[in-house]
Amino acid sequence: MQVKELRIGSIILYKEHQCRVSGLSEDGTVTAMSGEQTFSMPVSSYTPVKITEEILLGLGYQKHPFLPESYSKKYPLYTLIIDENPDKSYFVGFDDDTSNYINQESIAYLHELQNLLDVVAGT
């Protein structure tokens, strides 16, 4: 994971603490908060959060009734579709409800999903 992959609000791990990024420095230092604790460490001290079914369901995604490796979530202007790959990474696509399907690259980590949502929906 590199600093340029992160944004303010990205969710990452520091040791056993799930943290939200609150600051990024040009020197590679990442400031992140977990509850009342604040960590300011080199980016190499943090690890990304692997996307899992539990995380997707917790974020409000619904499992497709006939395709067990597929999840979706409806947003005002599109539906986000996430398909699990055999290597446990996820392929993400956007359906804008006009039969246009926008393909995205395969992702594996929560901060990557957050980045896609931020670019497409400004969330």
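Quick look at the numbers
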read-out	value
Those residues of the stretch 28-87 which are within 19 Å of the chain's Cα centre (by Cα), under 19 Å from residue 3 (Cβ atoms) and among the aromatic types (Phe, Trp, Tyr), in sequence order	46
Within the stretch 1-88, strands (runs of 3 or more DSSP E) holding 2 or more residues that are more than 18 Å from residue 109 (Cα to Cα)	17-24, 29-34, 37-42
Matching option when the condition is modelled with pLDDT of 90 or more, within 18 Å of residue 117 (Cα to Cα) and surrounded by 12 or more Cβ atoms within 10 Å (Cβ to Cβ), among 92, 43, 49	49
Some residue of the stretch 102-112 being open to solvent by 40 Å² or more (accessible area, probe 1.4 Å) and in a loop (DSSP other than H, G, I, E, B)	no
The stretch 41-66 residues that are basic (Lys, Arg), paired with ones that are surrounded by 15 or more Cβ atoms within 10 Å (Cβ to Cβ) (beta carbon under 6 Å, 6 or more apart)	63/71
Only listed residue being within 18 Å of residue 117 (Cα to Cα) and exposed (fewer than 13 other Cβ atoms within 10 Å of the Cβ), chosen from 68, 76	76
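Okay, residues lined up against (1) surrounded by fewer than 14 Cβ atoms within 10 Å (Cβ to Cβ); (2) under 19 Å from residue 118 (Cα atoms); (3) of a type in the set (Ser, Thr, Tyr):
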{"residue": "3", "(1), (2), (3)": "no, yes, no"}
{"residue": "9", "(1), (2), (3)": "yes, yes, no"}
{"residue": "13", "(1), (2), (3)": "no, no, no"}
{"residue": "16", "(1), (2), (3)": "yes, no, no"}
{"residue": "19", "(1), (2), (3)": "no, yes, no"}
{"residue": "23", "(1), (2), (3)": "yes, yes, no"}
{"residue": "30", "(1), (2), (3)": "no, no, no"}
{"residue": "36", "(1), (2), (3)": "yes, no, no"}
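The values are calculated or read from the model by the stated rules, or taken from the named source; none is laboratory data. Treat the numbers as computed from the prediction; the structure is a model and nothing was measured. Note that each Cβ is placed from the backbone with ideal geometry, even for glycine, and that neighbours are counted across all protein chains shown. Accessible surface is based on the protein model in full, side chains and every heavy atom, while ligands, DNA and RNA are left aside. Shrake-Rupley method; radii C 1.70, N 1.55, O 1.52, S 1.80 Å.
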